[in-house]
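We did not get these values from a lab; they are worked out from the coordinates using the rules stated. All values reported here derive from a predicted model rather than from experimental measurement. Glycine gets a Cβ as well: all are built from the backbone with ideal geometry, and neighbour counts include every protein chain shown.
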Amino acid sequence: MLVFILNAGSSSLKYQLMNPESQEVLASGLCERIGIDGRLIHEANDLKIKKDLAMPTHKEAIAIVLESLTSGEGKVIDSIEEIDSIGHRVVHGGEYFSESVIIDDDVISKLESLVPLAPLHNPAHIIGINICKELMPTKPNVAVFDTAFHQTMEPAAFMYALPYDDYTNHGVRKYGFHGTSHYYVSDQASKMLNKENSKVIVCHLGNGSSICAVQDGKSVDTSMGLSPLEGLIMGTRSGDLDPAVLAYLMEKKEMSAEQLVNYLNKSSGLLGISGISSDLREIIEASTNGDEKAMLAIDMKCNRIKKYICSYAGILGGVDAICFTAGIGENADLIREKVCSGLEFMGVSLDKTKNKVRNSENREINTEDSKTKIFIIPTNEELVIARDTYKLTKV
Ligand code: ADP
């Protein structure tokens, strides 16, 4: 069984070819600058192949990927007939989808109806799905949604305190994102806890960052909202703000609504505060050289994470494990240490030596006597996509 996993963005796409039973990844890669010029990075057979190739549209990009899987030094299969099914990462499933589904015309029309809620993402996913249907017409396609895991949130968690009609007429509510990662990590955590009923907080800290409260395997609250802008301070996104800031900035800086949304998504967060970079590694380096804004950016990021952890511990009525995942969560011992320090009152005690050990395994980094476990769990969204696709399409 081989699943082709596709994550189509507006000018890029990521892919993997995986056997979901053995978890073997045969090939993975990235097409960038689609519609501009085109660049392929294909990893297979222990090679990393980089090529500049014309990709006027997603169609050429996907055709190039399929060609790379079946010919040349990056070849891993003889023909695309060996691919059994295709799993698509889809950012927004709205309230329609609480689990992964086989894609048919009805699913596509629902994804189209959700474009206003995810104008940057869903159109690219629909293009990716249609091209796969065209290039591999006999293969089933499955959609795996970033929002699906959070559909278990109760109204008290997902409603905004706006007039109720904004929810019924316009779908304004918290949807939450990174659901595939929160599901995978919380599931691993409950296995590590070896406990049937568990209270887990997952901190997914990458360029995009979000945090999720998970009770008995179900998402009960999460920091991202209607869009991935709410919540934590991210690489270039502001996260939570007083909404009054928006109108104030629009007036003071003479910004349109679109400019403001871009400003909050692309020029804010760690980049905006530090003025250095959205990449935490560069900010940590600057802070060790005494850059005050870099130090401030790190302190602000950690404070925000801590605020969410404490509020979610309150919502859950306690916490068995705090989990760190994604680029920052898995690698940045400084951030984990700053986040955990001061949480001793709620039974969180970090083992500073274990915290500094680097490897790619699931691991426990709390002291022996810590009431609350602290886990590092490398996320694997592709594995969840491959497994869901396999489950839904195996004959
Ligand atoms: P994305 O949301 O793009 O998938 P990632 O999960 O890859 O993001 O995380 C990217 C972030 O992880 C960047 O801010 C990067 O600086 C940070 N990161 C990666 N490795 C380290 C490290 N060793 N120390 C600190 N930060 C790291």
Margin query: Just the number: Rg to Rh for the range 314-379, Cα atoms, Kirkwood Rh, two decimals.
Written below: 0.94
Notebook entry, point to check: Relative to the present Cα-Cα distance, how much length would full extension add between Lys371 and Met255 at 0.36 nm per residue of separation?
Noted result: 36.8 nm
Notebook entry, point to check: When the Karplus curve 6.51 cos²θ - 1.76 cosθ + 1.60 is applied with θ = phi - 60°, which whole-Hz ³J(HN,Hα) does each residue of the range 278-289 get, with x for Gly and Pro?
Noted result: 8, 8, 4, 4, 5, 6, 4, 4, 5, 5, 5, 8
Notebook entry, point to check: Taking the alpha-carbon centroid of each part, what is the distance from the range 161-230 to the range 22-58 in angstrom?
Noted result: 31
Check: Which value in nm describes the separation of the simple spin-label points at Arg358 and Glu67, placed 7 Å from the Cα toward the beta carbon?
Finding: 3.7
Next item on the list: Find the centroid of the Cα atoms in the range 65-96 and in the range 129-146, then give the distance between the two in whole Å.
Entry: 9
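Mean shadow of the range 117-168, computed from the convex hull of its alpha carbons, in nm²?
Dividing the Cα hull surface by four gives the mean projection, 5.2 nm².
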Next item on the list: Assuming 1.002 mPa s and 20 °C, estimate D for the range 163-314 with Stokes-Einstein, Rh taken as the Kirkwood radius over Cα pairs, in µm²/s.
Entry: 127
Check: In Å, the Kirkwood hydrodynamic radius of the chain over pairs of distinct alpha carbons?
Finding: 22.1
Check: Whats the longest run of the chain with zero GluC sites (Glu not before Pro) that are DSSP loop and have at most 16 other Cβ atoms within 10 Å?
Finding: 255-360
Margin query: Compute, for the range 273-333, the length of the dipole vector about the Cα centre, with Cβ point charges of +1 (Lys, Arg) and -1 (Asp, Glu) only. Units Debye, rounded to 20.
Written below: 320
Checklist line | Proximal lysines to Lys50, defined as alpha-carbon separation beneath 24 angstrom and excluding residues fewer than eight positions away on the same chain | finding: Lys14, Lys59, Lys75
Notebook entry, point to check: So what are the radius of gyration and Dmax for the Cα set of the range 7-125, in Å?
Noted result: 15.4, 44
Item checked: Longest DSSP-loop-exposure-free segment, trypsin sites (Lys or Arg not before Pro), the chain, at most 12 other Cβ within 10 Å -> 1-252
Item checked: Debye intensity ratio I(q)/I(0), log10, the range 246-395, q values 0.10 Å⁻¹ (C-alpha model) -> -0.50
Next item on the list: Using the charge dipole of the range 155-284 (Lys, Arg: +1 at Cβ; Asp, Glu: -1 at Cβ; taken about the Cα centre), state which of Pro163, Leu205, Met224 has its Cα farthest towards the positive end.
Entry: Leu205
Next item on the list: Tell me the chymotrypsin sites (Phe, Trp or Tyr not before Pro) within the range 114-208 that lie in a loop according to DSSP and have at most 15 other beta-carbon atoms within 10 Å.
Entry: Tyr160, Tyr164
Check: Can you give the charge dipole size of the chain about its Cα centre, rounded to the nearest 20 debye, using +1 on the beta carbon of Lys and Arg and -1 on the beta carbon of Asp and Glu?
Finding: 700
Margin query: Give me, ordered by chain and number, the residues 5 or more places off Thr57 or on other chains with an amide H under 5 Å from its own placed amide H.
Written below: Gly35
Check: What residues have an amide H closer than 5 Å to that of Ala27, excluding those fewer than 5 places away on the same chain, when H is modeled at 1.01 Å from N in the peptide plane?
Finding: Leu17
Next item on the list: Report, in whole Å, the centroid distance computed from the Cα atoms of the range 311-343 and the range 380-395.
Entry: 29
